[in-house]
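Below you'll find the structure, written out as structure tokens, and then a few comments.
Derivation of every value follows stated rules applied to the coordinates shown; laboratory data play no part. These figures come from a predicted structure and were not determined experimentally. Quick reminder, even Gly has a Cβ in these numbers, built from the backbone with ideal geometry, and neighbours come from all protein chains shown.
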Amino acid sequence: MIYIKYTFPTKQIHMRSINLTVILFITLFQLASAQSIKDNIVKGIRTETEYQKLDLLKNTDNFNYDKNLDTNIIIYKSCIVKKRLLEVSEEIVIFHNGKTQNINNDSMYYFLGIKNNRYAIFDRGTSNERELIIYDFVKEKEVLKETYYSNLKIENNAIYFDAEAIIKDDNLKPKCPPEIEDLSYKIYLEKLYFDFQYLKIVHTGKYICSFIE
């Protein structure tokens, strides 16, 4: 506990000192509470419903959270993320190691979670064709920016997604359902995953037939 004492000659200044003391006490209490929440994150595992409530990917890092008006405050072991829903994007701020990092708040970014205590995962776009962006907030640089269409999920230490594939060998092309076969906007997708350990994309060679609207 930190005690701050002020002595001023006038009653007016004395009242200001009391207000300042109260503000400082509240700030210190809030910081202590946030640290307590952060320290206890590992004691409780979030449910799938809680992930869905905050629009986060299941199997990203465990977290605690609070809400201030329309802003969600997501507290991780390695950082604190503030996100607020805008009309076609989210306002996203990452607090880490005394630094504040504002994440392209005007570029249709959506925060999906933290992985391995350092990688922030973002979905970007408003159509079927989207971008998966993984940002290393420790080194403050992107480690992945890849166009994808669907089936974004995390399993073990990888994030899986479907991306458009150009298949030259007809023998490798998957069979399309009759309702898709003759569509002009038919596409082939390959199941890929990004390996968080080696920071690289792996092609699985598994294809599906789909379409875009």
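Ranked highest first by average number of other Cβ atoms within 10 Å, how do 128-137, 107-116, 85-94 line up?
Those peptides, ordered most packed to least, come out 107-116, 128-137, 85-94.
What does the highest-first list of 67-73, 141-147 look like by mean Cβ count within 10 Å?
Output ranking for 67-73, 141-147: 141-147, 67-73.
How much length would be gained if the chain were fully extended between LYS141 and ILE167, taking 0.36 nm per residue of separation minus their Cα-Cα distance, in nm to one decimal?
6.2 nm
If one computes the Cα centroid of the stretch 69-95 and of the stretch 114-132, what distance in Å separates the two points?
Answer, in whole Å: 14.
Give the peptides 203-209, 51-57 in descending order of average Cβ contacts within 10 Å, highest first.
Output ranking for 203-209, 51-57: 51-57, 203-209.
Among LEU152, LEU199, LEU189, rank each residue by its count of other Cβ atoms within 10 Å, from fewest to most, as a rough exposure measure.
Ranked by crowding around the Cβ, least crowded first: LEU199, LEU152, LEU189.
Using 0.36 nm per residue, how much length does the chain from LYS67 to ILE201 gain when fully extended, once their Cα-Cα distance is taken away?
Gain on stretching LYS67 to ILE201: 44.7 nm.
Can you flag which of LYS99/LYS145; LYS58/LYS186; LYS82/LYS186; LYS145/LYS168; LYS141/LYS191; LYS145/LYS191 are past 28 Å Cα-Cα?
With Cα atoms farther than 28 Å apart: LYS58/LYS186; LYS82/LYS186.
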